[in-house]
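Take a look at the structure set out below.
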Amino acid sequence: MSEWLVLTLAMAAACAVVLTIVVINHRRIPVDDDPSETPDVIEYMTMMIGVVYAIVLGLAIAGVWEARSAAQETVRQEAQALHEIKERVQVYPAAVRDRIRADIDAYAAHVVEKEFPYMAEHGSLDPQGTELLAKVRRGVTDYQPANDFEGEAYQPLVDQVSVADDARGARGQNAGETMPGVVWFGLIIGALVTVGLIFIFQIRRTGRELLLAGLFSALIAFLLFLIWDFDAPFGRGMAATAGPLTDLFPQLNG
């Protein structure tokens, strides 16, 4: 099922539930009821609960967005390190250079075509990708420089392999969901409480009040969906992409 369809259904369901309760509650209110009798302290408490929940929502959105941005940055660092290795092996003999470049191309293709879908499904790195990167490492570190010029390029190449490996490890750590279950519990309970406070003020079945109640509940549903979508940096609709790899390795676009 499409994630945007899930969002649409969630927002529609939130609106439907709230409006249904409003209509049912309205039928139970006596004719002589005066909604202006709501105590002032209730208005103050309702306002404070709404403010606190808004702060919690904002922090949750900022947290998952930062995690998503960090995940995208690890992809960029890994792609740049692989690109640097591929360019700097120019000083090596043709046979060694071509072998290392072929290993890098094979690893990059595997990451884009297989490992990203694997991370989205399993929340972890693909073991085959680990083996392919190890092959790149061996190709770089096992070569013995034949002269000083090659020797000067050797250590920077080893360093770039380490950068790529470190970025890959960070990408693996960001592959799963980042939001703890207890936080989700608080967000959902807070949403129920915040939306439930609508009924304290005994809203009527007028078009304006129903519209505001529906929009408010739909907004809460949308923000929770946004947090859920960002919560898995590599697994959902607005996830981190393999764009840096395809940009530096154009042959992968084919």
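Computed from the coordinates by the stated procedures, all read-outs in this text should not be read as laboratory data. Note that the coordinates shown come from a computational prediction; the quantities given were computed from them, not determined experimentally. FYI the Cβ positions are ideal-geometry reconstructions off the backbone, even for glycines, and counts take in every protein chain you see.
In the chain, the longest principal axis of the Cα atoms and the axis of helix 40-88 are about 10 degrees apart.
Relative contact order for the chain: 39 percent, from Cα pairs under 8 Å spaced at least 6 residues apart, divided by residue count. Of the chymotrypsin sites (Phe, Trp or Tyr not before Pro) found in region 148-238, none is in coil by DSSP with at most 13 other Cβ atoms within 10 Å of its Cβ.
The C-alpha atoms of the chain define a longest principal axis, and helix 3-28 lies at about 10 degrees to it.
Please name which of 197, 241, 220 has its Cα lying farthest along the dipole of region 142-243 towards the positive end, using unit charges on Cβ (Lys, Arg +1; Asp, Glu -1) and the Cα centre as origin. Looking along the dipole axis, the top candidate is 197. Over the residues of the chain, the helix contribution to mean residue ellipticity at 222 nm works out to -25500 deg cm²/dmol, using -39500 (n - 2.57) for each DSSP H run of at least 4. Kindly express, to the nearest 10 degrees and within the range 0 to 90, the angle between helix 148-173's C-alpha long axis and the longest C-alpha principal axis of the chain. Between the helix axis and the principal axis of the chain, the angle is about 20 degrees.
For the chain, give the magnitude of the charge dipole about the Cα centre (Cβ charges: +1 Lys/Arg, -1 Asp/Glu; no others), in debye to the nearest 20. My answer is approximately 560 debye. Hey, if you put +1 on the Cβ of every Lys and Arg and -1 on every Asp and Glu Cβ in the chain, which of 169, 187, 5 ends up farthest toward the positive end of that dipole? The residue sitting most towards the positive pole is 5.
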